[in-house]
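> This is the structure I want to talk about, given as C-alpha cells.
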Amino acid sequence: MSNAYNHATLAGNICDEPKYVTTQSGFAKVSFRIGVQRRFKDKQTGQKQADFISVVAWRNTADFVRQYMHKGDLVVVDGGKGQLAFAYEALAE
C-alpha cells in the first residue's frame, strides 16, 4: 500500500500560544491548534470557512516550536505515519 494515504500537509495560522509541557519521562511536548482556511466560500453567507486542526509535537520539534512559534504565526505542518515536520514562515508586510 502506498504511503500517500498516510500523509498530510497543512498551512495555517497558530490559533493560541503553543502549550509546552515536559512529561514524567522527561520528554518535551507541545500542543497547539492551527486554523486552515478552505478554498471555497460558503454558498449562503459568501464567507470563507476555516477548519481548526490540533497538532502535537515531541522532543526537539517541541523545543523548536516553543522557541520560535507564537499565536498568529503562519506555519506549514507536514505529517505522516505519526511523524511531523514543521516549516516556519514569517509574514512580510
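> Residue by residue through the range 53-75, note down the ones that are closer than 11 Å to L10 by Cα and modelled with pLDDT under 90.
I53, V55
> Within the range 33-60, can you find the residues that are out of contact with any strand residue (DSSP E or B) (no Cβ under 8 Å at 6 or more places or on another chain) and either on the phi > 0 side of the Ramachandran plot or open to solvent by less than 100 Å² (accessible area, probe 1.4 Å) (or both)?
The answer is T45, G46.
> Within the range 12-32, count every residue that is farther than 16 Å from N60 by Cβ, open to solvent by 60 Å² or more (accessible area, probe 1.4 Å) and assigned to a strand (DSSP E or B).
The number of residues fulfilling the criteria is 2.
The values are calculated or read from the model by the stated rules, or taken from the named source; none is laboratory data. Please read all numbers here as calculations on a predicted model, not as lab measurements. Quick reminder, even Gly has a Cβ in these numbers, built from the backbone with ideal geometry, and neighbours come from all protein chains shown. Surface accessibility is based on the protein's heavy atoms, side chains included, excluding ligands, DNA and RNA. Shrake-Rupley method; radii C 1.70, N 1.55, O 1.52, S 1.80 Å.
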